[in-house]
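Shown next, in structure tokens, is the structure this report addresses.
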Amino acid sequence: FTSVTWTLLLFIYFNVSEESRTFKHVPIKGLEPYKPFPKKFNPRVTRTPFKLSDRQKNNGVRNQFGNRIEDLAEGNSELLPEMGMIFNEQDQEVRDLGYQKHSFNVLISNRLGYHRDVPDTRDPKCGDKFYPSELPSASVVVCFYNEAFSALLRTVHSILDRTPANLLHEIILVDDSSELADLKNELDEYIRTNLPTKVKMIRNEKREGLIRGRMIGASHATGKVLVFLDSHCEVNEVWLQPLLTPIKEDHKTVVCPVIDIISADTLIYSSSPIVRGGFNWGLHFKWDPVPFSELEKSEGVSAPFKSPTMAGGLFAMDREYFNELGQYDSGMDIWGGENLEISFRIWMCGGKLLIVPCSRVGHIFRKRRPYGSPGGQDTMAHNSLRLAHVWMDEYMEQYFAVRPELRTKNYGNISERLSLRNKLNCKSFKWYLDNVYPEMQLPGPNAKAQQPVFNNRGHKRPKIQQRGRLFNLQTKKCLSAQGHPSQKGGLVVVKDCDLNDPDQIWSYNEEHELILSNLLCLDMSETRSTDPPRLMKCHGSGGSQQWLFGKNNRLYQVSVGQCMEVTDPLNLKGYVAMAICDGSPLQQWRFES
Ligand code: UD2
Ligand code: MN
């Protein structure tokens, strides 16, 4: 999903010995205490409106500045995008710093608090299912590095709130040597005073990365099944039972929930389409449609189905099987590649990997990763090289065809992983391709057209709701491009209205995008809300390109939580910028068809 452009830097391989992998185990003492999918695959995201929980309504939850959440959402739960409304400089700082440090809207995350209801996105058929009353208990392992406090605690509380106590053996938090101050004493204090003792904390003394981090967490676990989650997730209703059931039936089955989408800009929780995991020859994970043959069982979209690969962050696996199968490759650093490695290993060495559609867990999908590796290395390339050399046999050449510069790159010692492959008597990569992922194409004259790439928008263009001029009530001028309307990154200004000027014609569509003369979208910078809006390529994932017309004729920008205003009262250049919504005439806009 996150397609991040990696800058290739000189890579310094460092070997992590058993001794250097030291960590303190700090036990915390404390209180004990949809929408159904259409028959045919539809890649479009189903947006489910968020509703405030009764608890939040009754308590009149306030943020740290005393604003009531209902007021922020204006009493209308469908207006949740306005949860990010900025009231003062502190709000703006929380938002901007939040985007810099976490790449999502931390202002909204803080306002939501640690508990919230999420829409039940399961297929209605899931409600008819019965799960065995005796199921193995789970150790949930959550690694985090510099996670936003509120997102981490919402992850933990959602697990505690929506998991039967007898199935939740423990939650193991692994702090991967975070630098953020609130993740130290404040977090310990919160856990001590508010959470049951089954929530445990492990602190890595140095940064290990998520791969060794999970191995460390798993080594402390004592439950029958390991469940791994990212630190910015929210589990949905009855999420765990459907994962544990297939593992109970066959301990060599590894299962993933459907990963629902929590918007990084609005924190809106929405249902994810039913897709399965694949990869390309660059060894990037991708989502593929589920072949019809896989779904044509009696239970349709509510039955578990096979997946060639997993996304990586969210899965459950018998703990003994995890150890038997070789955990992870501890020579892999920080981020990337481990998901394909474990997927290939599961399939090639006698296990199977399923996606369980009746288990739903939301995850905040970010547009960029807010952290790097300590030495600035491209850990994805390093990790992928290791997995290619261990698991891909002659198909490694396909990787080098895409990444020729990696052919001569050092990838460290893989002898332990090779002997693991030998010991487990694993099948060939050709067997895997033929039997598990026959859709995978080899490049060449016979290759069929590439499968579609799924983004949030799928194939459809959003319907246009309105077309016309954007008239500013104070200046009586119209919003237009400063330069040419097709120039990416160009500014917008107000100019004298001209009925015949096509460059003043905006379209407003159902995705709340504002498109100038059918070309570019009005867009806001993610990390600097003080920057003026610009014209950018439409990306179709809301947030920075989502605009709402609200009360007092305001034009509200969802991602920055502010309103557009004409900044220059004398109106010489007609500049516009985003500002705290105050209802002033300079912030009033009318769509004139
Ligand atoms: C996806 C996976 C992620 C992982 C990754 C490939 C999902 C939803 N997410 O990326 O789990 O498999 O692909 O490696 O499938 N973290 C650390 N130490 C670090 C860096 C990260 O503990 O040095 C934590 C981080 O706080 C988070 C988790 O590891 O909880 C995954 O990191 P991410 O959310 O940045 O990865 P994501 O979702 O882009
Ligand atoms: Mn993540």
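The values are calculated or read from the model by the stated rules, or taken from the named source; none is laboratory data. Being a predicted model, the structure only gives us computed values, none of them experimental. Cβ: placed from backbone, ideal geometry, glycine included. Neighbour counts: every protein chain shown. Ligands, DNA and RNA are excluded from the accessible area calculation, which covers all protein heavy atoms including side chains. Shrake-Rupley method; radii C 1.70, N 1.55, O 1.52, S 1.80 Å.
Values computed for the structure shown
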item	result
Residue-by-residue Karplus 3J(HN,Hα) for segment 528-538, coefficients 6.51, -1.76, 1.60, Hz, glycine and proline x	10, 6, 7, 5, x, x, 9, 8, 9, 4, 5
Charge dipole (debye, nearest 20) of segment 468-512; +1 at Cβ of Lys and Arg, -1 at Cβ of Asp and Glu	200
Total charge dipole magnitude, segment 364-439, about the Cα centre, Cβ charges on Lys, Arg, Asp, Glu only, Debye to nearest 20	400
Highest to lowest packing among 468-478, 429-439, 342-352, scored as the average C-beta count within 10 Å	342-352, 468-478, 429-439
Relative contact order, percent, segment 135-363 [alpha-carbon distance under 8 Å, six or more residues apart]	26
Label-point separation, residue 496 to residue 130 (7 Å along Cα→Cβ), nm	7.9
Accessible solvent surface per residue of segment 293-358, calculated while the other protein chains remain in place, 1.4 angstrom probe, Å²	25
Relative contact order computed over segment 141-190 (Cα-Cα under 8 Å; 6+ residues apart), in percent	63
Positive-end extreme of charge dipole, segment 464-592 - chosen from 545, 518, 532 (charges on Cβ)	532
In order through segment 163-171: 3J(HN,Hα) via Karplus (6.51 cos²θ - 1.76 cosθ + 1.60), integer Hz, x for Gly, Pro	10, x, 4, 6, 8, 9, 5, 5, 10
Two-decimal Rg/Rh across segment 196-324, once Rg and the Kirkwood Rh are taken from alpha-carbon atoms	0.97
With all protein chains modelled, accessible area of residue 423 [1.4 Å, Å²]	150
Percent breakdown of C-alpha pair distances by 5 Å bin, ordered from the shortest bin, for segment 253-309	4, 15, 23, 22, 18, 12, 5, 1
Residue-span extension gain [residue 197 to residue 552] - 0.36 nm each, minus C-alpha spacing	122.8 nm
Extension reserve of the residue 572-residue 435 stretch, reckoned as 0.36 nm per residue once the Cα distance is removed	42.5 nm
Accessible heavy-atom area order of 208, 511, highest first, probe of 1.4 Å	511, 208
Over segment 464-592, relative contact order from alpha-carbon pairs under 8 Å, at least 6 apart, %	26
Rounded percent of accessible protein surface that carbon and sulfur make up, segment 464-592, 1.4 Å probe	49
Globularity index of segment 135-363, i.e. its alpha-carbon radius of gyration over 2.2 N^0.38 Å	0.97
Calculated P(r) of segment 464-592 - Cα pairs past 24 Å, %	15
Share of carbon and sulfur in the accessible heavy-atom surface of segment 135-363 [1.4 Å probe, %]	51
Estimated vicinal HN-Hα couplings, Hz - segment 109-117 in sequence order (Karplus 6.51, -1.76, 1.60; Gly, Pro = x)	4, 5, 5, 5, x, 8, 10, 7, 7
Exposure of residue 563 as accessible area (Å², to 10), given a probe of 1.4 Å and all protein chains	0
